[in-house]
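Note sheet for the following structure.
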Amino acid sequence: MKPWPFAKRGLVAVARVAVTGILGTPIHIVLVLLTLISLATTVLGVGLVLAPLVQLLVRAYADLRRRLDRAWSGVDIPRPYRPRPDGAWIGTPKRWLWLVRDPATWRDLLWLVGGAPLGLGFGFGSFILLLYGLQGVILLPVIVNLASGDDTGYGVTWPLNQVSWGSVPFQGALIAAGILYAAPWLQWALAKYDQSLLGPTSAAVLTRRVDRLTETRTQVVDAQAAELRRIERDLHDGAQARIVALGMSLGMAEDLVLHDPAAAQQLIAEAREASGLALAELRLLVRGIHPPVLAERGLVGGLRALALTMPVPVVVEGDLEGRPPAPVESAVYFAAAEALANVAKHSGARAAWVSLSYLGGALYCSVSDDGVGGAAPRSGSGLAGVERRLSAFDGSLRVDSPPGGPTVLTMELPCVLSSPKTSPFSATG
C-alpha cells in the first residue's frame, strides 16, 4: 500500500470518528434530557405534545446516523419503527401510546445513552493520539533542535527518561501510523454499535415478514380469483362459443346431407375451420396459464424462446445447475415476460438483456435495457404487478432506472434448485 493513500484513508476516518464522537456527544446528551423531560411531564399533559416532537428529533438524528453509517462504513441499518396508526396526531393520547409501545423508541434512548461515552472516547482518543504522534514526529525535534543549537537533533537527550531524541520521531511515527491504521476499524465499530440498537430486532424482522406475507397472500388470492375469472371469460367468449357454433353447423349439415349435399359440404368445411380456430384459442389460453416450452426446456430455454418473439433484440444469459420449483419457475418467467413487454412498449430501447443466476439459496433474474429510463413500480403499473407476483414467494424486485437510462430490474426469489429433468435449450434470443 502506498503511504499517501494509506495516510489519506486514515486521516479521513479520524475526522469522521471525531465528528460523530465529539460533536455527536452533546447531541446525545441533549436528546436524552429532552426525552426524559417529555416523558416525565406526561402526567401534566405537556408530554402529550412534547414527547412526539422530541421523538421526531430523535428519529431524524438516528436516520442521519444510519445514512452516515451506510455511506462511510457500508453498514446498512433498516428503520425499525412501527407504522403510525390512523388518527395518531401530535397531542393525542393515541400518538403518545404509539410511541411508548414501540420497542424502537426505547432502543433509540438506550443508543443515545450508550453512544455518548462511546463516541466521546473514540473521538477524543483517536484525535489526541494522532496529534501526539504527529507532534512527536514534527514538533518536538524542532523544539529540541532550536533549544540545543543542534542542527541535526541527534545526540540530544530527554531529561526525564534519558531516551535519545533520535528515537522520538520514530515513536511518534509508530503512534501516528497505528492510529491511522486503526481509525477505519474504529469507524466501523461505531457503525456496528449503531446497527445493534438502531436496526430492527430479529423478532421485529420476523413480525414484519409475517405481516408482509399475510398482505401478499391476500393479494395473491385476489389475483388468482381475477385470473380464474379471466380464464372463464376467455373460454366462454372464445373457444366455447366456437365449439357451440361448430355443433350447430354439424347439426345443420346432418340435416342437409341427404337433400342438399353441396350445402352440407360447405357447412362441414366451415365447421372444420371453426374447430381449428377453437383449437388455436385453447392452445393460446393454455400457453398463458403455463407455457409448454417452460415445462419442456426449463426457465433459461423458455426465456430464450420468448426472446425470439420480442420486437426488440434480447440476449438471454444464464446456466442454472438445476431447476427451481415449478411455481417459482412460472413466476420468474411471467415476471420477465412482463418486464420485456414494458421494454418493448415504453423504454425506446434498441436492445435488452436477461441474466439468470443462482447464489446463496436465491434465484436472481436481471432484465436490463438501454432505453430512456425513468421506470418506477407505481401503483397500477406493470412493475407493480411484477412485485405482487414475486412477493407471493417472498421475493423482491429492485428497480434501478435513472432518467436517461439504462434500466436494470433485479428479481430475487429464495428457492432450492432440483436436478434438471431435461437438457438445456441451446438457442439464443
*Matching option when the condition is touching a Ser or Thr at 6+ places or on another chain (Cβ under 8 Å) and hydrophobic (A, V, I, L, M, F, W, C), among L118, L48*: L48
*Based on what the data block shows, is G318 under 30 Å from the mean Cα position of the chain (by Cα), open to solvent by less than 40 Å² (accessible area, probe 1.4 Å), closer than 21 Å to A344 by Cβ and modelled with pLDDT of 75 or more?*
yes
*Please specify each residue of region 357-392 satisfying the condition of being in a loop (DSSP other than H, G, I, E, B), surrounded by 15 or more Cβ atoms within 10 Å (Cβ to Cβ) and modelled with pLDDT of 80 or more.*
D370, G371, V372, G373, A375
*asked:* What pairs come out if I take residues in region 184-199 that are within 10 Å of I77 (Cβ to Cβ) and pair them with residues that are modelled with pLDDT of 90 or more and among the basic types (K, R) whose C-beta lies under 7 Å away, six or more apart or interchain?
replied: D194/R65; L197/R107; L198/R65; L198/R66
*Residues of region 269-314 that turn out to be at pLDDT 80 or above and of a type in the set (A, V, I, L, M, F, W, C), as a count*: 11
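The values are calculated or read from the model by the stated rules, or taken from the named source; none is laboratory data. Quick caveat: nothing in here was measured; it's all calculated off a predicted structure. We place every Cβ from the backbone using ideal geometry, glycine too, and count neighbours over all the protein chains shown. Surface accessibility is based on the protein's heavy atoms, side chains included, excluding ligands, DNA and RNA. Shrake-Rupley method; radii C 1.70, N 1.55, O 1.52, S 1.80 Å.
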